[in-house]
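For reference, the structure is listed below as structure tokens.
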Amino acid sequence: MNRILHILLLGACLALASCARQESRTLTFSSEDDLAGLRVATVAGCCYDLSLSKRNDIELLLYSFDADVLQALLNGKADVMVHDETILNSELRAEHGIKIAFKGKERFPTALVFRKDEAAIIDTLNAIQERMIQDGRMDSLKHYWLDEVYLQKKDYTHIPEEASGEPLRVACVTNMAPLSFMVGTEWYGIEVDLARELARALHRKIEFKLYDSASGMMSLKTGMADVMLGGIFITPERQEEYLFANPYHAYGSAYYVIDHDGQAAKGSFWKSLKKSLESNLLKEDRWKYITNGLWETIKITLLSILLGGILGVGLCAMTRSRRKWLRVTAWFYNWLMAGIPMLVLLLILFYVVFAKSGLDPTLVAVIAFSLNFASGASDVYGTSLDAIPRGQTEGGLALGFTRLKTFCYIVLPQALKRGIPLFQSQCVSLLKGTSIVGYIAILDLTRAGDMIRSRTFDAFVPLLMVTVIYFVLAWLLGMLVKLATPKTRVL
Amino acid sequence: MITVNHLSKKYINPDGSVLTVLKDINCTIEKGEVISIIGPSGTGKSTLLRALNLLDPPTGGEILFQGENILAKGYPVHKLRQKMGMVFQSFNLFDHMTVLENVMFSPVKILGKSKEEAREAAMTLLRKVGVADKADVYPSSLSGGQKQRVAIARCLAMNPEVILFDEPTSALDPTMVGEVLSVMRQLAKEGMTMLIVTHEMKFARDVSTRVFFMYDGYIHEDGTPEQIFCHPKHSATKAFSQRIRMEVFEVDQDDFDFLGMDTRINQFCIKYNIADKKDKTQQLCQALMPVFLETGHPLTIRLTYSELSGETSLDFMMEGAQASPLQDNAAGFEKAKSLCEKVVEEPTARGYRVRLLL
């Protein structure tokens, strides 16, 4: 009975949702003035919202992901969305059934970003850009990338790289075709090409690292990267903190609405799912993001469990030590780990403690999660050992076993049996906790989903895929822990 | 076999105060002896037993086992325990092993016996204690009595020279006490050296070759069962073996709480189910106390009740007095005589005692 009720409710919700979409008005626009009284969706902190937020005759809806903004438009939560005029290219517009209503008046000069003490490199880049403008190469570069020529030619141009020299480390913001984007493991885009020109002029190798805009800025500041790119608009605020090269282009915004006349992706549910899977997984080998991310997630999780599990043994021994200072130290450590949000610990280790060491981000993540896991593991060990009555130890001692043998033969097997379920759940929560490593530029499973989302503007399918994979991983991890547990039979 | 000299055990509480559980223990235990250790709760019986196999190491004195000082530095404690088995109040069977594994585990791991040999021996022992049919189940499905018998078999599997029993029947349902005691009786008959902390007085009396009566951290009295149970030398031993309960009033100060005394007598009588003696006791106290106090000697009044014989008595002890004031007080004497069954007047080491049997 209950189940039938649920199905009915679900059906009603779906029906309402589809009605809402059909109801959305057909609107005609020609400029920003026509927005009065409408709901406008955009990405928070992207510059387009600066002028819009000053208007009080519109309802501004802010989202943190490009795909979510588009979803708001498609669901009818917003009447119009503001986004970059180049990134949502004609292919994507057709795929999602949207069109450009009009283009914004404002232009935003954009350039590559450097640290304040890198004036010499900037001069080199400015000189290169100047030369390219004069010999017409800049125009052809812009034509290729910004006029969507690259969409027809599937072999994206590629400026040759130096094989040696001190690497020029480039922090790239997540996929922003055609400014900077990744296919497989290779980077492309107009800004990427500019960075390659720069590296060649400097006779340096080039090294790309993936960041989001906040962590990219941070890595630039802490010296983990030399250049940052990915459609960074020049604003007075940013100029106080960083140096910008001369702008190579000024981008404009565009206002998008649903295209009711276009060939929007309609059809059966299965057909659209198939299409969605195709664009999210097969196109440009995007499934490789998922497999690479999966491997990264597994690596971090397993290494952290191993390392943290071993550290936890030491920590547990300390909490049960006879020496007071050891107990106090362990208590303090546990208190610290319980109090620090995992993300903060990760960021502190990456941007402060190991900032100058050039340690691989994956290694930093393993260290951070091991430190945290040690505390949880020590707790699990302690709880399991405490659950074994004192009498079991006394029984062993009284028969003539040494303290060590009593522990190994009698206490440990029983404690293991009790502790495994607790340990399993610790491991699974560690696995899920690793989804934040994207903040320190690791392409893990979650970040892989985000990357695909930001390319395809598909809100659900990548998220759903990632969720399913996490589910399977958690289940496998539980099994693995059980299998890896030493046998409790001692005779 | 075991010689204990000036053994003591102190605990230091978290607040820094010192609790002395064993004060000065001296005894010798010969091979083949069955010794019951009896005494009121909290007098150090279990602590003494646990001190002998160093589960609770003593803080002073010495213990010689087969001539060796086991408290010497570097003495292999686990070797000692292999020869000195222990049976616990709470059984302490290993919960992760079957009954059979519990019994054969230590012979295999410690004595290096082969599994087949150990299994044979274990089955023989399980048959002996009557739980062979439970060999392959886990301890959690056994009754308390069965668990304790398995624990005894596990202990015997190590072929110990002596077995320490720490209240082996205290955690058992009364219906199961018998089965465990009969196993122990059998062991005693076979000549096993045993030290038994127990509250089973009848068992202690029947089975033991010697009884230690422990009181206040000392072995207060050490003798044959006959001596301890029938002719105890010390009053504490008698009080314990006769199960004597008492309430003591020291009436040597001016500010003694007379009203509180009435309440305490009342509570005592209710507690031990002798309410019919309450009025008599209160009347006697009221009538006789002024007479005794007039003499100027410090007065101690003791109300005692033996749970074994049902005897209730009221003692008036005058410290340092030589004669009974009742001789000079005919009215008081008559009153006392009329209310109680018997009046006994006698001089003692402390002073002069008037005992009224109620």
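Accessible area of B:THR304, 1.4 Å probe, to the nearest 10 Å²?
Probe radius 1.4 Å; accessible area of B:THR304 about 20 Å².
What percent antiparallel are the DSSP beta bridges of chain B, to the nearest 5?
Expressed as a percentage, antiparallel bridges in chain B total about 75.
Among B:31-39, A:128-136, how do they line up from the highest to the lowest mean number of other beta-carbon atoms within 10 Å?
Result, highest mean Cβ count within 10 Å first: B:31-39, A:128-136.
How far apart, in nm, are two points set 7 Å out from the Cα along the Cα-to-Cβ line at A:LEU326 and at A:LYS283?
Inter-label distance under the simple model: 6.0 nm.
How large is ³J(HN,Hα), in whole Hz, for each residue of region B:327-337 in order, when computed from phi with the Karplus curve 6.51 cos²θ - 1.76 cosθ + 1.60 and θ = phi - 60°, using x for Gly and Pro?
For region B:327-337, the Karplus curve yields 4, 8, 10, 4, 5, x, 4, 4, 4, 4, 4 Hz.
With label points built 7 Å along Cα→Cβ from the Cα atoms of A:ASP34 and B:LEU259, find their separation and express it in nm.
Label at A:ASP34, label at B:LEU259, 10.0 nm between them.
Any idea of the accessible area per residue across chain A, 1.4 Å probe, to the nearest Å²?
On a per-residue basis, 50 Å².
Hey, can you grab everything whose amide H is under 5 Å from the amide H of B:ILE244? Only 5+ residues off in sequence or another chain; H modelled, so Pro and N-termini drop out.
When sequence neighbours closer than 5 places are left aside, the close amide H contacts are B:GLU307.
Distance cut-off 24 Å, Cα to Cα: go down the list A:LYS209/A:LYS356; A:LYS54/A:LYS77; A:LYS324/A:LYS482 and report the pairs above it.
Pairs exceeding 24 Å: A:LYS324/A:LYS482.
Protein chains only, probe 1.4 Å: how do A:ASP49, A:ASP386 rank by accessible area, largest first?
The ranking, largest first, comes out as A:ASP386, A:ASP49.
What shape does the protein assembly as shown have by the C-alpha gyration tensor, where a ≥ b ≥ c are the square roots of the eigenvalues, rounded means a/c under 1.5, and otherwise prolate means a/b greater than b/c and oblate the rest?
prolate
Please compute the length gained on full extension between A:GLU237 and A:GLU148, using 0.36 nm multiplied by the number of residues separating them and subtracting their Cα-Cα distance.
The span from A:GLU237 to A:GLU148 would gain 28.9 nm if fully extended.
Pulled fully out, how much extra length does the chain show between A:THR467 and A:LEU306, if you take 0.36 nm times their separation in residues and subtract their Cα-Cα distance?
55.5 nm
Run the accessible area of the protein assembly as shown with a 1.4 Å probe and give the carbon-and-sulfur part as a rounded percent.
With neighbouring chains kept in place, the figure for the protein assembly as shown is 56 percent.
To the nearest 0.05, what FRET efficiency results for A:TRP475 and A:LYS405 with a Förster distance of 35 Å applied to their C-beta separation?
0.45
Give me the distance in nm between label points sitting 7 Å out from Cα along the Cα-to-Cβ direction at A:LYS299 and A:HIS203, one decimal.
With each label placed 7 Å out from Cα toward Cβ, I get 3.3 nm.
Can you list residues from other chains, or at least 5 along the same chain, whose modelled amide H is less than 5 Å from the amide H of A:LEU60?
Residues meeting the amide H criterion: A:VAL40.
For region B:174-188, what does the Karplus curve 6.51 cos²θ - 1.76 cosθ + 1.60, with θ = phi - 60°, yield as ³J(HN,Hα) per residue in whole Hz, taken in order and with x for Gly and Pro?
Working through the residues one at a time gives x, 5, 9, 4, x, 5, 6, 4, 5, 4, 5, 4, 4, 4, 4 Hz.
As a test of reading the structure, rank A:LEU412, A:LEU404, B:LEU80 by solvent-accessible area (1.4 Å probe, protein chains only), most first.
A:LEU404, A:LEU412, B:LEU80
Sorted by average packing, counted as other Cβ atoms within 10 angstrom per residue and highest first, what order do A:345-354, B:275-284, A:159-168, A:250-259 take?
A:250-259, A:345-354, B:275-284, A:159-168
Apply the Karplus curve 6.51 cos²θ - 1.76 cosθ + 1.60, θ = phi - 60°, to the phi angles in region A:246-261 and return the couplings in whole Hz, x for Gly and Pro.
5, x, 8, 6, 10, 8, x, 9, 9, 9, 10, 9, 5, 8, 6, 8
Taking 0.36 nm per residue of separation and subtracting the Cα-Cα distance, what length does fully extending A:TRP270 through A:ARG390 add?
37.1 nm
How big is the antiparallel share of DSSP beta bridges in the protein assembly as shown, given as a percent to the nearest 5?
The answer is about 70 percent antiparallel.
Other chains near A:389-397: what is the mean number of their Cβ atoms within 10 Å of each residue's Cβ?
Mean inter-chain Cβ contacts per residue within 10 Å come to 6.
Place a label point 7 angstrom from the Cα of B:ARG350 along the Cα-to-Cβ direction, then list the residues of region B:305-333 whose backbone nitrogen is under 19 Å away.
The answer is B:305-306, B:312-326, whose backbone nitrogens lie closer than 19 Å to the label point.
Taking N as the number of residues in region B:188-262, what is its Cα Rg relative to 2.2 N^0.38 Å?
1.56
For peptide B:20-30, how many partner chain Cβ atoms fall within 10 Å of a residue's Cβ, on average?
Mean number of neighbouring Cβ atoms from other chains: 0.
To check you understand DSSP bridge types, tell me what percent of the beta bridges within chain A (both residues inside) are antiparallel, rounded to 5.
If I count the DSSP bridges inside chain A, around 60 percent turn out antiparallel.
Per the Debye formula with a single identical scatterer at each Cα and no solvent contribution, what log10 I(q)/I(0) holds for chain B at q = 0.06, 0.11, 0.14 Å⁻¹?
The computed values of log10 I(q)/I(0) come out as -0.33, -0.85, -1.12.
Would you mind giving the mean number of other chain beta-carbons within 10 Å of the Cβ of each residue in A:403-410, as a whole number?
Mean number of neighbouring Cβ atoms from other chains: 2.
The values are calculated or read from the model by the stated rules, or taken from the named source; none is laboratory data. Model, not experiment: these values are computed from the prediction. No Cβ is skipped: glycine too gets one built from the backbone with ideal geometry, and neighbour counts run over all protein chains shown. Remember, those area values only see protein heavy atoms, side chains included, never the ligands or the DNA or RNA. Shrake-Rupley method; radii C 1.70, N 1.55, O 1.52, S 1.80 Å.
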